[in-house]
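**Q** Next up is a structure, given as structure tokens.
The values are calculated or read from the model by the stated rules, or taken from the named source; none is laboratory data. Treat the numbers as computed from the prediction; the structure is a model and nothing was measured. Using ideal geometry, Cβ is built from the backbone for each residue, glycine included, and neighbour counts are taken over all protein chains shown.
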Amino acid sequence: RSHLWTGARLHVEMSGSVDKVHAEVSEYYGTTLEKTEDLATNACCTGAAPPPHIRAALSKVHPDVIARYYGCGLCVPDELDGLSVLDLGCGSGRDVYLLSQLVGETGRVVGVDMTPTQIEVAREHAAWHATKFGFATPNTEFVDGKIEDLRACGLADASFDVIVSNCVINLAADKRAVLAEAHRVLRAGGELYFSDVYSSRRVPEALVADTVLYGECLSGALYWNDFLALAKSVGFDDPRLVEDAPITINNAALEAKVGNIKFFSATYRLFKLPQGMLEPDCEDYGQAVIYKGSIPRHPASWSLDGHHEMETGKVFTVCGNTHHMLHDTRFAPHFDFIGDKSVHFGIFEGCGKSLPFSTDEGGSKGGGSCC
Ligand SMILES: C[S@@+](CC[C@H](N)C(=O)[O-])C[C@H]1O[C@@H](n2cnc3c(N)ncnc32)[C@H](O)[C@@H]1O
């Protein structure tokens, strides 16, 4: 399947040796930057204002942790109570401490990062946050390690329900290894829900080698279509785009360097379901779901992704893959399910692909003939 991710593999090769990239990125986040304001662009730290319950939870995170936040989105899915969550590239721990409150005392959140100064800030504040949240002991843990090798971090197969990551995978030297490791440590029915930076075209080698552009989360970004192929190649068969926004960069010199390449911050959700359950495309089996209005803070409707907002009590037709993402995950109790996969009705129209053949009599050539 290597042809599927040629672009992404080239990208890894272009970024030089894995160790060199790790050292440069660690230097950038450990020494060059000391606080959010030191960033040279707005590639990190974009995004809309968080919803009220997230704002309330963030107000309980220590200012020293917040000061070293370099994320590019909000990677907090619904239904986290009691879950085991992993944050890839947790930095100083802002999202870990946010998630710590959302999983509650019975859940746990593990953060992995390779930059010692960042992870030290995160660790130093563990007891402070546990007290602040009213927990008897911290439900957080920080591991100093590389997200390309979670085995070396001591993380077992199928040990997490949800993985988040905020503006990190673009910095990873081996993006395929990161996604493959995330897939390995997720439980079936779990998901990688993460915000990152993507480019409109493959980034040329000279820009990938630019340490500021790379450190600012721009030139390490995957071309979006390479990302989709890469995700599918490691087993995340149907990546779903939750939200996205263009990155303006806000630095004339760096904008001139990147020229016509456009960058976007985007949040994807990648479900891990048993092998073969999700199909390469959205297929129509005549299935539907009805949302019960029971996910906290979403009484009127709930969105699985940018294309599926389901109104409470209304029959909503879905493809086979969407049906599985709701039926075979933690979201199942919030839906009634209609239909099974016993009859196939063709491609699910409006989901990217459609019937490739002309339905006019005589076909696309205009003249009718038998074989
Ligand atoms: C842009 S910052 C984001 C940090 C954090 N997620 C946040 O929102 O503040 C990127 C972080 O990813 C970490 N990082 C980058 N590549 C990594 C890798 N291969 N393994 C572990 N950590 C990595 C860096 O050390 C840095 O702390």
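**Q** Are there any pairs with C-beta distances below 9 angstrom linking a residue in the range 25-50 that is in the same structural domain as S92 (by TED's automatic domain parsing) and within 9 Å of the ligand (Cβ to nearest atom) to a residue that is modelled with pLDDT under 85 and among the hydroxyl-bearing types (S, T, Y), with the two at least 6 apart or on different chains, and if so which?
**A** Sorted first by the residue in the range 25-50, then by its partner, the pairs are C44/T36; C45/T36.
**Q** In addition: Looking only at the range 182-202, which residues are surrounded by fewer than 24 Cβ atoms within 10 Å (Cβ to Cβ) and within 12 Å of the ligand (Cβ to nearest atom)?
**A** Selection gives nothing.
**Q** Step by step: first the residues of the range 74-85, then only those that are more than 9 Å from the ligand (Cβ to nearest atom) and of a type outside the set (A, V, I, L, M), then the one that is nearest to R187 (Cα to Cα). Which residue is that?
**A** Step by step, filter the range 74-85, then rank; the result is S84.
**Q** Can you tell me which of D64, D81 is at negative phi, acidic (D, E) and in contact with a Gly (Cβ under 8 Å, 6 or more places away or on another chain)?
**A** Answer to the selection: D81.
**Q** Something else: Out of the residues in the range 134-164 meeting the condition of being of a type in the set (D, E, K, R) and in a strand (DSSP E or B), tell me which one is nearest to the ligand (Cβ to nearest atom).
**A** Top of the filtered list is D144.
**Q** Pick out the one residue from G306, G346 that is closer than 22 Å to G189 by Cβ, among the small types (G, A, S) and touching a residue at least 60 places away in the same chain (Cβ under 8 Å).
**A** G306
Conditions (1) in contact (Cβ under 8 Å) with a residue 60 or more places away in the chain; (2) under 24 Å from the mean Cα position of the chain (by Cα); (3) assigned to a loop (DSSP other than H, G, I, E, B), marked per residue:
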residue: Q275; (1), (2), (3): no, yes, yes
residue: M310; (1), (2), (3): no, yes, no
residue: S354; (1), (2), (3): no, no, yes
residue: E361; (1), (2), (3): no, no, yes
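**Q** For the range 34-75, which residues satisfy the criterion of being exposed (fewer than 13 other Cβ atoms within 10 Å of the Cβ) and hydroxyl-bearing (S, T, Y)?
**A** S59
**Q** State yes or no: is A152 surrounded by fewer than 18 Cβ atoms within 10 Å (Cβ to Cβ), on the phi < 0 side of the Ramachandran plot and either modelled with pLDDT of 95 or more or over 16 Å from the mean Cα position of the chain (by Cα) (or both)?
**A** yes
**Q** Identify, please: which residue in the range 86-133 is away from the ligand (no atom under 14 Å from the Cβ) and crowded, with 24+ Cβ neighbours inside 10 Å and is, among those, nearest to N170 (Cα to Cα)?
**A** Across the range 86-133, the extreme among qualifying residues is S100.
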